[in-house]
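Chemist: Quick one: the structure is below, and I'll ask about it shortly.
Any read-out appearing in this document is the output of simple, stated calculations on the displayed coordinates, not a laboratory observation. As the structure is a prediction and not an experimental result, all values here were calculated from the model. Cβ atoms come from the backbone with ideal geometry, glycine included; neighbour counts cover every protein chain shown.
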Amino acid sequence: MSIPGQPVAQFSTWDYVVFILMLLVSVVIGVYHAIKARRQQSNQQFLLGGREMRALPVAMSLTASFMSAVTVIGTPSEVYRYGAIFLIFCISYTIVAIASAEIFLPIFYRLNITSTYEYLGLRYNKAARYIGTFLYIILTVLYTGIVIYAPALALNQITGFNLWGVLVATGLVCTFYCTLGGLKAVVWTDVFQMLIMISGFLAVIIRGSVVQGGFQRIWNISREGGRLNFWDFDPDPLRRHTFWTIVVGGSFMWTAIYGINQSQVQRYLACRSMFEAKLSLYLNMVGLWLTAVCAVLSGLTMYSIYYRCDPITAKQVRAADQLLPYLVMDFLGEYPGVPGLFVAAAYSGTLSTVSSSINALAAVTVEDILKPNFTLSEKKLTWITKGLSLMFGVICIGMAALSSLMGGVLQAALTIFGVIGGPLLGFFLLGMIFPCANSTGAISGLVVSFVVTLWAGIGGQVYPPLDDKTRPLPVSIEGCLFNVTEPTGTATVSTWTTMSQVTEPDFRPGIANTWYSLSYLYLSPLATLIVLIIGLIVSFLTGKSKQEVDEGLLITRKSLVCFSYFANKDDHSEVKDVTEKTQKTEDKGQENPAFSHPEVNCSEKQNPILSTTYL
């Protein structure tokens, strides 16, 4: 390990080899699937892989997409500064996997839809569908901008690469193989990139254990430093992370991602059967556990190295998001190829997320905007979809420029899902739970919810919560063997160097210590409840739903996994009747005879759900 205060190691030839090899493998996977599917020019093949994917690769793809560079860089620094309470998210992941697999998936899968926002059209009307699509596009472009910027930050800190060059390269590589190979290329590159991400974490943990003479010492130092703070049951909603904010708020936030977010739903709808789709979600849950554990252990390892000489206080790095890249070059730089592996891990997280986002953005644009309004041949749709993939790739590169203004990568990303994902979750749940809800009530609830959470989210960014609510843990520089000076590492001096340089205004209003200090994790459940309450009130005031809502669009006890075990005899016979009617639909997604686009050749006899509820 280098002497604190001295420049960290530089990238070696082997580091570049490892990094470039990862990029080449990703591109080759995309080219392979493009060549393999060159004779299958259907839009469904491009967007859903022909609905023939298996559970394991889809599960790894689901995990890689949203446990991305934000996780690789943000979570270890989160643990370093606030402790291992982040591991409680594993409880949230369990709740989310069950809810997504047993509630949301059956509804979407039986309808055999490509875009989740088609459901909004079936349940409410065209306006609701367009609003949902528009909000999803905003959400995804913003989030993708952050995850493009995060690994660029790591590369800039470690290698001194030009930041703009890295940003553009990230977007172009993703756009290239996503445009060529479609969903299959996205899924299989995600599998490869997931393995790289885990390898990057393991390199840090294993090397840290060797340096410290065993993991027991890491554990002991972390305990003495207060980092093993797993259980904090403080009910204060203004506290940033407690057991309740993570379990309650985290569950709502991640349900908005796995239950209704197109980028995730599109993957498990591509599975060859509902069983495979559900299995992919449960395997993904295990993958989320593994990734969270690795990220937390990496953070504890980092704390055990720097617990007596904090690099931030010592001005060796400019922000917490640079801690793990600095650590890698500081005490792994002497091993050729290992820093390259870490950068490849961060970069892999970005590639997986951006490629999934690009593919999903193209899907919702085609399914929700173009197909309902234009009559296009299958070949034209395929080429348009590829063109849209290219366009959204360029847009996401441009949005990365705004990420430097949004605070730390982890909280910025999750705040976006609270502000936009929460209202969308309520939008869907209102229609799935309450048959009386109508489009007027749903849209009214969505608008009010979005305005309220946007107000809270922006306020929290302008006036960050004080330390008595965020509770950063103490750090020390008593063990530093140098005078505290300006950073001497490899990072270039630029306004892009950090995402955490947020200047707080001199004036701080009283509301900043109450409403604006609400835990960012509570934005999602707050948004969902507002949609449900306002939506129901307005629906009753406007005459409730004017048409009978088909049971296939609602969450019923037949959707729940426990129904078949606790139902009475009559209920069993009812389930049998329903199962006989929908057996083909459930067993083989791509052979669902009930699905036809509501704007193209739809008849009441072919699909009563579409014809009676789509206004």
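Chemist: Taking the mean number of other Cβ atoms within 10 Å as a proxy for protection, how do you rank 211-217, 435-441, 89-95 from highest to lowest?
Modeler: Numbers: 211-217: 13.1, 435-441: 22.4, 89-95: 19.3.
Result, highest mean Cβ count within 10 Å first: 435-441, 89-95, 211-217.
Chemist: With a sphere of radius 12 Å drawn around the Cβ of ASP236, what net charge do the other residues whose Cβ falls strictly inside it have (Lys, Arg +1; Asp, Glu -1)? Could the numbers behind the result be given before it?
Modeler: On the way: positive: ARG239, ARG240, LYS469, ARG471; negative: ASP232, ASP234, ASP468.
So the environment of ASP236 carries a net charge of +1.
Chemist: Which order do the peptides 140-147, 385-392 take when ranked by the mean count of other beta-carbon atoms within 10 Å per residue, highest first?
Modeler: On the way: 140-147: 25.9, 385-392: 19.4.
By packing density, highest mean first, the sequence is 140-147, 385-392.
Chemist: So which of LYS126/LYS278; LYS379/LYS544; LYS36/LYS126; LYS184/LYS544; LYS126/LYS469 end up more than 32 Å apart by C-alpha?
Modeler: Values: LYS126/LYS278 29 Å; LYS379/LYS544 42 Å; LYS36/LYS126 37 Å; LYS184/LYS544 43 Å; LYS126/LYS469 43 Å.
Long pairs (Cα-Cα over 32 Å): LYS379/LYS544; LYS36/LYS126; LYS184/LYS544; LYS126/LYS469.
Chemist: Provide the per-residue ³J(HN,Hα) series for segment 217-228, in order, calculated from phi with Karplus coefficients 6.51, -1.76, 1.60 and θ = phi - 60°, each as a whole number of Hz, with x at glycine and proline positions.
Modeler: 5, 4, 5, 5, 5, 5, 5, 5, x, x, 7, 8
Chemist: Same structure, new question: Rank by packing, highest mean first: peptides 262-268, 330-336, 219-225, with packing defined as the count of other Cβ atoms within 10 Å averaged across residues.
Modeler: Working: 262-268: 27.0, 330-336: 18.6, 219-225: 16.4.
In decreasing order of mean packing, 262-268, 330-336, 219-225 become 262-268, 330-336, 219-225.
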